[in-house]
Structure formats: structure tokens, C-alpha cells
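**Q** Structure provided below as C-alpha cells; questions to follow.
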Amino acid sequence: MRRVLLLALLPALSLLVLLAGCDSDETTTPTSTSSGGEGGVGGVGGSAGSGGEPVCGTGNLPLDEQGLTEISYDDGTPATSVREQTWAISTSATQTYTLNEEELHEAVRFDLEHPAQIYGFKVMWTGLPPGMDPKAEIEAGLYADFGHNGFDFWAPDPLWTGTRCAEDVVEGQWVTYVFDTPIVVDHPNLVYVAHRAGPDEPVWPFDATVEGEDPDNLCKIFDECQSSFNLPEAETSQYYNGLTFPFQYHFMARLLVEYTDSVQPADKLFQEIADSPGGRHVSWGDYDNDGWDDLLLGKRLWQNDGDGTFTEVTVAAGLDPIAATGGVWGDYDNDGCLDIFLFSESHTNPDTLMRSNCDGTFTDVTAAAGIVDLQSTNDCGDPNNTASPTAAAGWFDLDADGFLDLYLANFICWSNYSFYTDTVFLNQGDGTFADITGQNGFLVSATPSRGVAPVDHDGDGDIDVMANNYTLQRNLFFENNGDGTVSEQGAPTNLAGTKNGSAYGHTIGAAWGDLDNDGDFDHVAANLAHPRFFDFSDKTQILINDGSGIYADNAGDWLTPNSDNGLRYQETHSVPVLADIDQDGALDLAITCIYNGRPSDFYWGNGDGTFVLDAYHAGITTENGWGAAAADFDNDGDMDLFADVLFENTLSTADKGHWLQARAVGVTANRAALGATVKVTTGTTTRIRHVQGGSGKGGQDSLYLHFGLGDATSIDQIEVVFPGGNTVLYPGPINADQRVWLFEDSTTAQPGWADPS
């Protein structure tokens, strides 16, 4: 939903405007100049200046700029202003807005590199009306970001607004606005210097330096353009915050800051592995049973060499001829070797079932297994388009017969905005599958599904299925009835999302985990939510299980800088990953964000369903991230992260707790124990994890379940609820800081990095 309009400017200039919602492709670094000395490291507070009362205007305080950093993007030379132009923006055949005649905001975005204290800003003014009262106050302010799209700010609640009097303003010269108390930004984020002007009020000039290399796509890239316009009273029936668009020239505005922290990349928590393989869909699985997780990226297979390094074996494994965008691991024939279901988000390439030969190679058994996912009723405008575009898949045992079944999340035809029916295959136990789409309680209606996340959400021993949907459609939740049938319970459980009119959300990825440590599974739904549709589209949801399988969103008021659960509003949240990174016993949360230039979020879990943002120290450098999944790829006992590339957890032993890794192995249940719930008890605390058959957006975390134990050095008991409800107890004491194997036919936890059997 991006519109491109070309407007006439002065002969030497041209203006390309992108309405709200433009994608982003690269990152650029702002020019940062110091007004003297290095940015200090210090705390909060302090006076913005010393001596004397302001003569006129609330922003007219003295300021010693020594030691402050002046962040600037402009070239220092004003060229013209909006008042000197006759620009018009047409949003339809009948609606045109002439900027000279509109109420408008002019804004400049500043990208803070470190935590900071902001002392004020400098701007230039032009267009002061003739005969203006010298004591007339000219207002400007500092504003918080709104959605991290690069050009929207939160106008209703400024961080600071102040004035300077007309007698202090000289056209074409800098005038400084100083805060009475510095604004503290504990976590680097976007901030905006902005002002609102009527048709006859002063505006900011801008320079003649054009941002961007492609004249046909100026401001397409997220941080290519720092300046923007907002028409707050335009298109309000369609857009929540009026009409906003980036601007490829620079308004004359600069920010005065003191950086209060300066952690260097080499000192961040997550360190990118040099020459890491890359990919957009990721699933972890130990396909060669050596105790080291291997990496599936799309159809590309990377074997762990047994030391945390990887060698690509796609060709040797027999996967090279396959067309696929991602895959999930599951032992569908229970021979002890992980097979792969490769899905293809394509209208022409089919999905593929690859059976492991237990020697490091795989054989295409799609036809023999009866896996056919064609939907000729929707050809997406071309009769050759018979394949369903599968965006994700998940393994689960629907009927608890010990054989894994398949749920395929089929997505969308973008050319005509039509959807596809999700396909369900029932494993017959003989290597073949029966298509039960639209049967056993599954839907025949078409939906834009992007992810599948099976789990035993209510602890009754049978496996339920979450199918998350895009384009403001409700998410689907199929609760297992325990008899081989399901009931769609998205709305009754509140997992469908929040309905606003006819709209829900754009859910891209989903994850399950016990976020409040009360012994049941909670849910994270990562939603893309455009600022222009903020009022009716779901933002990312932390859904807390009340113990009965009913979920409540603990977000609170998203209009505040931090919602009640601690998440910040990012427009393009994509795939969530839950893992206890510091091993304190509380699950932490990483979320990738799509659109080029958009950063990944990282949050420390508090263990009560709330989180603390700390992307700055985490150092996950992935931008425009899709797939993400967690595993201890180097077998050092802590969880690492793949988010488009591989990141190693480098937290020191002194800064993290004890841990346990557990691998469940089915006997009467499916061999890989997908869907099993593992409960680890230390003292009065029980922590739970589940063995994933799929998660995120067509991805999969490690099947080696990781538990952070805090100070506990031993485990009192482990309990596993296998699919079908068979519950096995493994009594303690069991030492912490090791991996154990939990066989369904045993009551003793077997230690070892590789399968001890």
C-alpha cells in the first residue's frame, strides 16, 4: 500500500513523496559533530543551563554546549521552504492538498546511537509574517517515535514543547531551544524535532541536498530521509494520524545531546558469527544424531561439525534439486532419524516430503506418501498456478496414534488479494498420508495463514494447533477434542486477536512459552501494525493464560512509550523467539522486524509476563528480519540465536544462572516427541517447555529443550506429558548444568550430549 507522487519544485530541485507505509532497504549514518569534548557518561537529571531567567519564551534558557554532541543532517545552507513552493498532493481523483494552504507538521528524525540526555535543539525559521509582534512566541518541540517507520512521531503527547519569541528569531539563522531539564532516553530510539504551522505561520527552510541514490525511489529506504511532513487534518477518515510522508531534503534542525553509555559492538551480548550462513526461514534439528544441532535454511542444510561450526551439505544430502522456501523437522516414520517437510511459498512449486535414509541423505517420498497440495480453484490469474503457496508447516499428532500428522499454512495471492485453504494430512502409519482438509473440525474456508504453532495449550495430553493469519484476519486456534477431531476456538480463547470492527491483525509469527512461570503456556503473536491503521489493527500481543486456557492481552495502553507488558510499538514485528538467555528462570523475548532498516527487538523477561527492552546491549544487528529460532549450537549450555544470521550468546558465566537441557524420546508417542510438554521442578518452582513441531513463521527451535534454573544446582523432579497423555516422572536429584535424555519407557533421566541409547 504505497503511493508515489511527483511534485514540482524549483527548477534545480524535485520532490518525490512516499505516503506512509513505504518500505525500507538500507541504513545510513547521520553526520554527528561535537560542540566540544566527548559525550559524557553520566546519570539522569541536572540543569539545562545556568544563570538568569529566560527573557522571553520557555525555551530561552542559557546552555553551555561544551561536551554536548550536535547531531545534524543538513548541509548548513537553507535553500527554500514550503511557503515558497506551490506543491500539491493528490490522494485520489478528486482530493488534492496544497501544502501552502494546509495545517502541517514539519519534522526531523534523529537516530540516537546510544542512551542519552537531550538538552535541546537548534532550528532555523523563515516566513515570519510582516509586523509580527516581537513578543509572539514561536513553538517547536521534541517528540517520541510512533512505530519506528522513520517518519511518524507521536504528536498528542510531546516529550517537550517550548517557545522562542519573535524578537529572538532572525530568518536564516540558528535559534536554540533549551529544555529546563534534560530529556533522558534510557534506550536508543528515534526522536523527532517538530513543529505545527498553519498557512500563515513560520516554517523551517530546508537545504538543497537530496538524500538517496535512485531518483525514481527517493525516500524508499527507511533511514535514507530524515525529514518528513505530516498533514494532521488530511485523510483522517482513512488514516489514524493524518497524511504523513518522508521528504528527501533536510529541514534545518539539529539536536543537542550527551551520550550516557557507549557500549561497543564487541561488548554486546550477542555476537554475529563470522561467515555465518544466512537465510530467511530457519529450523534447528539434529539430523545426524550426534548431539549437535544442525541448521536448515530454506532448503539449504548446514551440518554442525561438532564444534559449533557449519558445513553446507545440501547437495550431498540430496536436497539441492528441491524448490522450497523453508522446512520443519519431524520423524514421521518413527525410525529415529529426523525427516524434513519442505514447504514452498510458490504458486508453481509443490511442497516436498524428504525421508531420512539415516545415513545423512534424504529421499523425496512426496508422491509415495500422497502429499498433494493443489488448489486449482484459485489460480492467482494464471492456469499454471495450481500449487498452494505454503508459508509454513507444523508437525503434530492429531489422533495420538504415535504418528506425526501435518498442518500446512497456505497464504495469499497478492495480485487479486485472495486466500487459500489450509491443508491437513493425517499420517496412516504406513508411510502414507490422507488429506483431511475441511474434515475432523478443520476449516474449508480460505485464510491468509503465515505460521503454524502446535502445542498442548491446556495440558490435557493432546496437541492443539495455532494457525496465525495476516491481512487483518482472525487467527485460528484448533483445540484438540481428544478423539481425532478439533474445534476452532480462536474467539472463545481470545487467541483470534482483538476484533476492532471487522479487523484483527497482521500476525506474522507466533510462539508459546510460560511467560509468568505459573505452569501453563502463554502466547506471543507478533503483529505488523501500520501507524496509519493504529486505531483498529492489532499490535503485538502478549497473551497470558488464566489457567483455564483463556488468554488476556496484557498490553495496556499502546499510546504510552511502553505498554504495560514493556513492549514498545514497532510497526513491523515479524517473528518472536522465546528463550532464557541469562538462565535466571524467566523467558526472554527476541522479535525480528521486517522492512529494510527496521531493527530487531530484544527484551529481558521479568517472569511475570512483562519485559524490559534492551536491544541496545543485546546487539542483535539483524534488520529486515524474517526467520528466527533458538538453539545451543555450540553446546556450551546457553541458548544462541539465529536471526537471518547466526549469533552466539556471549554472556559470562558470572552473569547467568544454572541450566538443564532435556531431550524427550517417544516410544508409544512419536519418536521425536513433538508436542510433548516437559516440566522441571526445583524446590517450589516448576518450569515448562514444549517440543516444537513448528513455530514462528515456518521455523523451529531446537528439540533439545533448555531450562534456566537461576541459583538451583539440582533438579528435584522432571515430568513429561507425551502426546496422547502418557505422563512419565523422572525423580531427582538430577544435577544441573548437563543434558539429559527422557525416554518414554524409562523413569530414569539418562545424561549425555548424544543419545545414550
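**Q** Identify the trypsin sites (Lys or Arg not before Pro) of region 63-140 meeting these criteria: DSSP loop state and at most 10 other C-beta atoms within 10 Å of the C-beta.
**A** LYS135
**Q** By its C-alpha gyration tensor, with a ≥ b ≥ c as the square roots of the eigenvalues, how is region 562-657 shaped: rounded for a/c under 1.5, else prolate for a/b larger than b/c, else oblate?
**A** Oblate is the answer for region 562-657, as a/c is 1.5 or above yet b/c matches or exceeds a/b.
**Q** Report, in cubic angstrom per residue, the convex hull volume of the C-alpha atoms of region 339-482.
**A** Dividing the Cα hull volume of region 339-482 by its residue count gives 112 Å³.
**Q** Which lysines have a Cα less than 22 Å from the Cα of LYS539, not counting those fewer than 8 places away in the same chain?
**A** Here the lysines satisfying the reach criterion relative to LYS539 are LYS499, LYS697.
**Q** Probe of 1.4 angstrom, ligands and nucleic acids ignored: what's the accessible area per residue over region 459-565, in square angstrom?
**A** Ligands and nucleic acids excluded, the figure is 30 Å² per residue.
**Q** Moving on. Using a 1.4 angstrom probe and counting only protein chains, how large is the accessible area of LEU578 in Å², to 10?
**A** Ignoring ligands and nucleic acids, LEU578 comes out at about 20 Å².
**Q** Output the Cα-based Rg and Dmax of region 377-421 in Å, rounding Rg to one decimal and Dmax to a whole number.
**A** 13.9, 41
**Q** Can you tell me how region 424-559 classifies by the Cα gyration tensor, rounded, prolate or oblate, using a/c under 1.5 as the rounded cut?
**A** Verdict is oblate for region 424-559.
**Q** Which longest uninterrupted range of the chain lacks any GluC sites (Glu not before Pro) assigned by DSSP to a loop state (not H, G, I, E or B) and surrounded by at most 14 other Cβ atoms within 10 Å?
**A** With a cap of 14 other Cβ atoms within 10 Å, the longest stretch comes to 234-757.
**Q** Given axes a ≥ b ≥ c from the Cα gyration tensor, I'd like to know whether region 631-682 is rounded (a/c under 1.5), prolate (a/b larger than b/c) or oblate.
**A** Oblate shape, in that a/c is at least 1.5 and b/c is the bigger or equal ratio.
**Q** Subtracting the Cα-Cα distance from 0.36 nm times the residue separation, let me have the gained length for PHE536 to ASP157 in nm, one decimal.
**A** 134.5 nm
**Q** Here's something else I'd like to know. Starting at 0 and stepping by 10 Å, how many percent of the alpha carbon pairs of region 692-750 end up in each bin?
**A** Here the calculated profile for region 692-750 is 19, 45, 30, 6.
**Q** Let me ask something else about it. Report Rg/Rh for region 162-280, rounded to two decimals, where Rg is the Cα radius of gyration and Rh the Kirkwood radius.
**A** For region 162-280, the value is 1.04.
**Q** What nm value, rounded to one decimal, do you get for the distance between ASP716 and ASP275 when each label is placed 7 Å out toward the C-beta?
**A** In this crude label model, ASP716 to ASP275 measures out at 4.9 nm.
**Q** For an R0 of 35 angstrom, estimate the FRET efficiency from the Cβ-Cβ distance between SER445 and THR94 and round to the nearest 0.05.
**A** The value I calculate is 0.45.
**Q** Still on this structure, I have one more. What Kirkwood hydrodynamic radius do you get for region 658-757 when you take the inverse of the mean 1/r over all pairs of distinct Cα atoms, in Å?
**A** About 13.5 Å, per the Kirkwood formula over Cα pairs.
**Q** Further question on the same structure: Describe numerically, in nm with one decimal, the distance between label points set 7 Å from Cα along Cα→Cβ at LYS499 and at THR650.
**A** 5.0
**Q** Now for a different question. What is the projected area of the convex hull of the Cα atoms of region 201-269, averaged over all directions, in nm²?
**A** 8.7
**Q** Also, I was wondering about something else. Applying 1/(1 + (r/R0)^6) with R0 = 60 Å to the Cβ-Cβ distance of SER415 and THR684, what FRET efficiency is obtained, to the nearest 0.05?
**A** 0.60
**Q** Let me ask something else about it. Evaluate 2.2 N^0.38 Å with N set to the residue count of region 244-387, then give the Cα radius of gyration divided by it.
**A** It is 1.52.
**Q** Distance from a point 7 Å along Cα→Cβ of GLU101 to each backbone N in region 167-201: keep the residues under 15 Å and list them by number.
**A** 199-200
**Q** List the chymotrypsin sites (Phe, Trp or Tyr not before Pro) in region 131-223 that DSSP assigns to loop (not H, G, I, E or B) and whose Cβ has at most 15 other Cβ atoms within 10 Å. Which are they?
**A** TRP174
**Q** State, to one decimal in nm, how far the label point of ASP307 lies from the label point of GLN66, with both points 7 Å from Cα in the Cβ direction.
**A** Here the modelled spin labels are 5.5 nm apart.
**Q** Kirkwood Rh over Cα pairs of region 588-633 into Stokes-Einstein at 37 °C, 0.692 mPa s: D in µm²/s?
**A** Reported coefficient: 291 µm²/s.
**Q** What is the Cα centroid distance between region 608-628 and region 653-682, reported in whole angstrom?
**A** 24
**Q** Taking every Cα atom in region 185-233, find the radius of gyration and the maximum pairwise distance Dmax, and write them in Å.
**A** Every Cα atom of region 185-233 included, Rg and Dmax give 14.0, 38 Å.
**Q** Assuming 0.36 nm per residue, please report the length gained on full extension of the stretch SER262 to ASP546 beyond their Cα-Cα distance.
**A** The span from SER262 to ASP546 would gain 98.1 nm if fully extended.
**Q** Here's a follow-up. So if we plug the beta-carbon distance of ASP557 and ASP382 into 1/(1 + (r/R0)^6) with R0 = 56 Å, what FRET efficiency do we get, rounded to 0.05?
**A** 0.75
**Q** A further question on this structure: Using the 2.2 N^0.38 Å rule of thumb for compact globular proteins, work out how the chain stacks up: its C-alpha Rg over that value, please.
**A** Here the Cα radius of gyration is 1.02 times the empirical estimate.
The values are calculated or read from the model by the stated rules, or taken from the named source; none is laboratory data. None of the values given here were measured: they were computed from a predicted structure. Note: ideal-geometry Cβ built from the backbone for every residue, glycine included; neighbour counts use all protein chains shown. Areas reflect the complete protein model, heavy atoms only, side chains present, ligands, DNA and RNA absent. Shrake-Rupley method; radii C 1.70, N 1.55, O 1.52, S 1.80 Å.
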